[in-house]
There are 2 protein chains.
Amino acid sequence: MSLEQRYWAVVEYDGTDFYGFQLQAEARTVQGEIEKCLERITRRTIRISAAGRTDAGVHATGQVVAFEVTWKHTLADLQRAINANLPTDIVFNELQRVSTPDFHPRFSAISRTYQYHILNQPWPSAVQRRYVYHVDRPLDINLMRQASRLLLGSHDFASFGKPPQGSNTVRQVTEAEWQLRGDGHLIFRITANAFLYRMVRKIVATLVQVGLGTIPFDSIVEILEARDLNSSSPPAPACGLYLVKVIYPENVR
Amino acid sequence: MSLEQRYWAVVEYDGTDFYGFQLQAEARTVQGEIEKCLERITRRTIRISAAGRTDAGVHATGQVVAFEVTWKHTLADLQRAINANLPTDIVFNELQRVSTPDFHPRFSAISRTYQYHILNQPWPSAVQRRYVYHVDRPLDINLMRQASRLLLGSHDFASFGKPPQGSNTVRQVTEAEWQLRGDGHLIFRITANAFLYRMVRKIVATLVQVGLGTIPFDSIVEILEARDLNSSSPPAPACGLYLVKVIYPENVR
């Protein structure tokens, strides 16, 4: 009898010191570190799959991964063993057995939510510099909110990114909200069925231009219609971006 | 006519990658980096003085320093030049000319405020690990609050630290409060006329023992009376500690 079992986990990481999520032969990646950890514990080669392949420098509090291991002890013991063997910039916040045989963290997901953190004050912050994008000139959050509303719904986002595979650049955005925290923090929260490559960072950079008054809020409409990557702003820095949530249909995990 | 002028500044730093504040010949320190920056700008050897010599790993959002430089341009230009030449883990958030000739950031101060951040949840956080002390077992904040009240007023704190100079270990604590944030954060805020070496970290470590139920809340009274460094807990980790404010009498800066 094989004790091999499939698991899913919610993973948090500090993207600063990684060359992104996806495995690379010569560079430190989140996938590489997790697989190394699982191999140390189980003495087997293990491949994980993930909901999203975040770029270098991008953080996650809600990345979802899945993998198969043989483990004879309790689930809590496995989570403890994993967290004890991971580097401190990766944490498994939740670990469960997969109950549906065909669950896949990427293909089963129905939506993803990202947050982007901007620190809008004259000087950068020493203790937050790894986790926010510092914008020194004042941003008009109301203009940014008006522009964000134009992103809601199904649109061709070809101006904001390339698809990770295939050629379909239509995405459905169901949430695009700016939240203002008292301490100079602007937090953008965006949910879509899926995202194009660098889409959130190009959207944020474009909305920052709106907030600075460089472009009018409704230029979002023209940028979307242009279907040209150069019509939007170059991506905002990776350090402000967090993958915070991946949603699955009920009972699919 | 000499253009030399004395300045004070409010300095923020991420203590993680420093061997403390105070200058050391062979190690990276906050003082060392600030003096190197001022020398680069002014082409003179410059010594700074500071309100508090924080330990290795301790952060600051409200450290105060003072120094003399010759500068022909505006105050805003000087602050810009300094921030452009500092490493990203130090920021001068405020810069002013000193108006009183005998102002000294340490000797003129009438009180200091520190904050200590605890993350109280089962697993540590990857994105907060440099800035909080992770405690996995549940803490009873009400017991910690009761214990903290016993620290208020003038006491001999010999059990909680050694004086940086002299032998007087009496300190006056005017604030010792725990604030509970919704996301598992417990923030301790303590203000005193001055602090002993490692006093805040030993107080926090002892209060954590109270919160865990290991010692009763009123054992604080016995620990104070013992006047013995071994009667309190070993210091809590440096990474949770922030120097947040230094108060001066009106019109002294």
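It is to be established whether one or more residues within the range A:7-22 are of a type in the set (Gly, Ala, Ser), in contact (Cβ under 8 Å) with a residue 24 or more places away in the chain, closer than 23 Å to A:SER111 by Cβ and touching a Cys at 6+ places or on another chain (Cβ under 8 Å). Scanning the range A:7-22, I find at least one residue that is of a type in the set (Gly, Ala, Ser), in contact (Cβ under 8 Å) with a residue 24 or more places away in the chain, closer than 23 Å to A:SER111 by Cβ and touching a Cys at 6+ places or on another chain (Cβ under 8 Å), so the answer is yes.
The conditions are (1) surrounded by fewer than 16 Cβ atoms within 10 Å (Cβ to Cβ); (2) within 13 Å of chain B (Cβ to nearest Cβ); (3) in contact (Cβ under 8 Å) with a residue 12 or more places away in the chain; (4) not charged (D, E, K, R), and A:ALA84 fails exactly one of them. Which is it? Looking at each condition in turn, A:ALA84 falls short on (3). Could you look through the range B:63-78, keep only residues that are among the β-branched types (Val, Ile, Thr) and closer than 23 Å to A:VAL127 by Cα, and pick out the one that is farthest from the chain's Cα centre (by Cα)? Here the answer is B:VAL65. The set of residues in the range A:207-238 that are within 18 Å of A:LEU119 (Cβ to Cβ) and open to solvent by 40 Å² or more (accessible area, probe 1.4 Å) comprises A:GLN209, A:LEU212, A:PRO235, A:PRO237.
Identify all residues within the range A:87-105 that are within 14 Å of chain B (Cβ to nearest Cβ), over 16 Å from the mean Cα position of the chain (by Cα), surrounded by 17 or more Cβ atoms within 10 Å (Cβ to Cβ) and assigned to a loop (DSSP other than H, G, I, E, B); write none if there are none. Once the filter is applied, which keeps residues that are within 14 Å of chain B (Cβ to nearest Cβ), over 16 Å from the mean Cα position of the chain (by Cα), surrounded by 17 or more Cβ atoms within 10 Å (Cβ to Cβ) and assigned to a loop (DSSP other than H, G, I, E, B), the range A:87-105 yields only A:PRO87. Of all the listed residues (A:LEU152, A:LEU143), the sole one being closer than 25 Å to A:LYS202 by Cα, over 21 Å from the mean Cα position of the chain (by Cα) and not hydroxyl-bearing (Ser, Thr, Tyr) is A:LEU143.
Residue count for the range A:2-36 satisfying the condition of being within 11 Å of chain B (Cβ to nearest Cβ), part of a loop (DSSP other than H, G, I, E, B) and of a type in the set (Phe, Trp, Tyr): 1. So for the range B:158-180 (the condition being modelled with pLDDT of 95 or more, within 14 Å of chain A (Cβ to nearest Cβ), under 23 Å from B:ASN230 (Cβ atoms) and surrounded by 20 or more Cβ atoms within 10 Å (Cβ to Cβ)), does at least one residue qualify? No; the residues of the range B:158-180 include none that is modelled with pLDDT of 95 or more, within 14 Å of chain A (Cβ to nearest Cβ), under 23 Å from B:ASN230 (Cβ atoms) and surrounded by 20 or more Cβ atoms within 10 Å (Cβ to Cβ). Can you name the residue in the range B:37-68 that is basic (Lys, Arg) and out of contact with any Phe, Trp or Tyr (no Cβ under 6 Å at 6 or more places or on another chain) and is also nearest to the other protein chains (Cβ to nearest Cβ) among such residues? The selected residue is B:ARG40. Would it be correct to say that A:VAL69 is touching an Asp or Glu at 6+ places or on another chain (Cβ under 8 Å) and part of a loop (DSSP other than H, G, I, E, B)? It is false that A:VAL69 is touching an Asp or Glu at 6+ places or on another chain (Cβ under 8 Å) and part of a loop (DSSP other than H, G, I, E, B). Here the strands (runs of 3 or more DSSP E) wholly within the range A:153-253 that include at least 3 residues being not hydrophobic (A, V, I, L, M, F, W, C) are A:153-156, A:170-180, A:185-192.
The values are calculated or read from the model by the stated rules, or taken from the named source; none is laboratory data. Just so it is clear, the structure is predicted and the values come from calculations on it, not from any experiment. All Cβ positions, even for glycine, are placed from backbone atoms using ideal geometry, and neighbour counts span all protein chains on display. Accessible surface is based on the protein model in full, side chains and every heavy atom, while ligands, DNA and RNA are left aside. Shrake-Rupley method; radii C 1.70, N 1.55, O 1.52, S 1.80 Å.
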